[in-house]
Amino acid sequence: MLQTKLPAVGTTIFTRMSALAQAEGALNLSQGFPDFPAPEALRRALARHALEGHNQYAPMAGLPELREAIAAQLMRHRNVECDPESEITVLPGATEAIYCAITASISIGDEVILLDPCYDSYRPAVLLAGGVPVHIPLTPGTFRPDWARVEAAISRRTRMLVVNSPHNPTGAMLEKEDLETLNALVANYGLLVVSDEVYEYLVYDGRVHYSALQFDALRAATFAVFSFGKTYGVTGWKTGYCVAPPALTAELRKVHQFVCFVAVTPVQQALADFMCAEPDYPLTLAALYQGKRDLFNRALTGSPFRLEPSAGSYFQLLDYTDITDTPDAQLCELWTKDPGVASIPISVFYQQPPEQHLLRFCFAKQDAVLQQAAERLCKI
């Protein structure tokens, strides 16, 4: 009989809640994807390239024109210089990029620090590599790292630290001083870093996203992971990229070539076309999504929920402390059925969940859906 390598892992919460929402006819604010169209020019570019016959393998590291467009965007928006040939790899989604980065770097017994609540793919990737996840909770309420506690957890076996900003599931962001502190830790202890920056352009109220690539020690030790799906609203295209120094990139590509080998060719061509034609399109996203966040939050005025507006990502936490003591996972299922709004429980993102009453709602939805969802929630 096959012995499972992931005994504590089942079907992801995102799959389960989306399936329940569909079965119940609920408004799906659980899984993180937009329910409105991606830019028409981008979609037409994909159709054009597919119809023109560009349907065979791309180079393993990604189409040169797309990697060049990524390098141009990094310079334009982050003032970061990257070599498209040796430092940028296009992969079928950010999840694979994270998996390949961890698999390429972690050996049996190596420790990897994870900051809880953390995205659900991090821990399984560490376990499959034979590593030891070390979970450190973020500060309750603010969800900022307690860097003294992080440093205290670093041992002689610590190999890597995974950070995520803007943060899924909480919407919190790392400030510049957080990255400066992390930069010092990396320099002092020789750590590697996976920096999950897939929501890099979804930042609100005038905030600034700082990439790990903008700090010297981090630049030399980081796998920075990004998502075309999140930026261009095409999560189903499953295409992302990883930026890392040449030595780390070479190791990541060794794993990538045996996991999925290449990302989809016409998708890469369409993205390259659109990025060259609309280089500042990502800068329009903050206003778009902040408007949706604000619409949803305003519509909840007068409800018994407590909330702090999300700083980034397209997720909003709602605190239901004043409504019920029902555990969040159970409550998500109940509220998907009645009043018919699906969300995600925060406890599933922790190794040891603290006492809190928080649900995650995705506001990357049409305005009418957000309004209707808020109206249903206000009746609870």
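The values are calculated or read from the model by the stated rules, or taken from the named source; none is laboratory data. Please read these numbers as outputs of a predicted model, since none were measured by experiment. Quick reminder, even Gly has a Cβ in these numbers, built from the backbone with ideal geometry, and neighbours come from all protein chains shown.
Of the residues making up region 112-129, those that are farther than 15 Å from CYS100 by Cβ and either part of a loop (DSSP other than H, G, I, E, B) or of a type outside the set (Val, Ile, Thr) (or both) are LEU114, LEU115, ASP116, PRO117, CYS118, TYR119, ASP120, ARG123, LEU127. Testing TYR210 on (1) surrounded by fewer than 23 Cβ atoms within 10 Å (Cβ to Cβ); (2) part of a loop (DSSP other than H, G, I, E, B); (3) out of contact with any helix residue (DSSP H, G or I) (no Cβ under 6 Å at 6 or more places or on another chain), one condition comes back false. Which one is that? That leaves (3) as the condition not met. Among the conditions (1) without any contact (Cβ under 8 Å) to a residue 24 or more places away in the chain; (2) under 25 Å from ALA19 (Cα atoms); (3) assigned to a loop (DSSP other than H, G, I, E, B), the only one that LYS365 does not satisfy is (1).
Taking the residues in region 172-207 that are assigned to a loop (DSSP other than H, G, I, E, B) and under 22 Å from ALA125 (Cα atoms) as candidates, determine which candidate is farthest from the chain's Cα centre (by Cα).
Per the stated criteria, the residue is GLY190.
In the set (1) in the same structural domain as TYR119 (by TED's automatic domain parsing); (2) under 22 Å from the mean Cα position of the chain (by Cα); (3) without any contact (Cβ under 8 Å) to a residue 12 or more places away in the chain, VAL264 fails one condition alone, (3). Taking the criterion of being in contact (Cβ under 8 Å) with a residue 60 or more places away in the chain and polar (S, T, N, Q), the residues of region 223-249 that qualify are SER227, THR235, THR239, THR249.
Quick check on region 277-294. Is at least one of its residues among the aromatic types (Phe, Trp, Tyr), part of a helix (DSSP H, G or I) and without any contact (Cβ under 8 Å) to a residue 12 or more places away in the chain? There is no residue in region 277-294 that is among the aromatic types (Phe, Trp, Tyr), part of a helix (DSSP H, G or I) and without any contact (Cβ under 8 Å) to a residue 12 or more places away in the chain.
Here ASP196 clears all of (1) at pLDDT 95 or above; (2) farther than 28 Å from MET275 by Cα except the condition numbered (2). Restricting region 301-330 to residues that are under 24 Å from the mean Cα position of the chain (by Cα) and under 16 Å from HIS357 (Cβ atoms), the residue that is surrounded by the most Cβ atoms within 10 Å (Cβ to Cβ) is GLN316. Given the criteria touching a His at 6+ places or on another chain (Cβ under 8 Å), over 23 Å from GLU175 (Cβ atoms) and charged (D, E, K, R), does GLU85 qualify? Spelling it out, it is not the case that GLU85 is touching a His at 6+ places or on another chain (Cβ under 8 Å), over 23 Å from GLU175 (Cβ atoms) and charged (D, E, K, R).
Residue check: ILE346 meets all listed conditions (1) farther than 25 Å from HIS135 by Cβ; (2) among the aliphatic types (A, V, I, L, M); (3) in contact with a helix residue (DSSP H, G or I) (Cβ under 8 Å, 6 or more places away or on another chain); (4) at pLDDT 95 or above but one, namely (1). In region 191-204 there is no residue matching the filter, namely being within 21 Å of LEU317 (Cβ to Cβ), of a type outside the set (A, V, I, L, M, F, W, C) and surrounded by fewer than 17 Cβ atoms within 10 Å (Cβ to Cβ). Where helices (runs of 4 or more DSSP H) sit wholly within region 1-95, none has at least 3 residues that are among the acidic types (Asp, Glu), surrounded by 13 or more Cβ atoms within 10 Å (Cβ to Cβ) and modelled with pLDDT under 95.
Evaluate the following for LEU271: is it assigned to a helix (DSSP H, G or I), outside the structural domain of GLY312 (by TED's automatic domain parsing) and either aromatic (Phe, Trp, Tyr) or touching a strand residue (DSSP E or B) at 6+ places or on another chain (Cβ under 8 Å) (or both)? So LEU271 does not fit the description; no. Taken over region 296-312, the residue count meeting the criterion of being among the small types (Gly, Ala, Ser), touching a Cys at 6+ places or on another chain (Cβ under 9 Å) and part of a loop (DSSP other than H, G, I, E, B) is 2. Scoring ALA148 on the criteria (1) crowded, with 17+ Cβ neighbours inside 10 Å; (2) in a helix (DSSP H, G or I) leaves a single failure, condition (1). Evaluated against (1) under 20 Å from LEU20 (Cβ atoms); (2) outside any helix (DSSP H, G or I); (3) touching a Phe, Trp or Tyr at 6+ places or on another chain (Cβ under 9 Å), LEU331 falls short on exactly one condition, (2).
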